[in-house]
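A short reminder: the numbers here are calculations on the coordinates, not readings from a lab. Remember, predicted model here, so these are calculated numbers, not experimental data. Using ideal geometry, Cβ is built from the backbone for each residue, glycine included, and neighbour counts are taken over all protein chains shown.
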Amino acid sequence: MRKGMENLTEKEKLELVKKVIEEVNKEKSIFINYLNIIVKTARCIGIISLICYVITTIMMILFRRTDAIKEPISFLSNLTAMIALIFFFIVIISYSIKFIVRLKKKEKVLTRLLKNSKTSN
């Protein structure tokens with residue numbers, strides 16, 4: 001239990017939690033919206049890169065007899081695999097940042113509401 005909440009009744013605690021939820025819902029930040037855009041584009045590019053990787057791998061299998069096409073396709077295959085990995089890491093990092101930002105925002109709102117409830121009493 002947070003410091004300062006020991007003196008509150010159950011009804012006051014529930015009201016405080018409702019206020020926290022309302023405040024957090026009101027304060028949707030632009031930063032999180034940008035992170036959502038980054039996540040969506042990175043996910044799409046990662047999926048496209050994986051599809052390209054599968055296509056180039058199939059082409060390598062089909063044309064393995066011709067050495068002229070083997071080296072460029074293997075380079076392209078490795079490149080698309082790296083691009084897919086990079087963009088999937090961007091998605092994971094963006095989700096982590098978004099989660100941390102939301103936790104900090106909830107803590108900030110809870111602290112502010114707790115201070116307001118102390119001063120009103």
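Taking the radius of gyration and the Kirkwood hydrodynamic radius from Cα positions alone, what is the Rg/Rh ratio for segment 31-115, to two decimal places? Display every interim value, and only then the final one.
Details: Rg = 20.4 Å, Rh = 15.3 Å.
Computed over Cα atoms, the ratio is 1.34.
If we sort 95-108, 34-47 on the protection proxy, mean other Cβ atoms within 10 Å, highest first, what's the order?
On the way: 95-108: 13.0, 34-47: 14.9.
Final packing ranking: 34-47, 95-108.
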Revision key, fill the gap. In order over segment 80-89: 3J(HN,Hα) from phi, Karplus 6.51/-1.76/1.60, θ = phi - 60°, whole Hz, x for each Gly or Pro, gives 5, 5, 5, 4, 4, 4, 4, 6, 5, 5
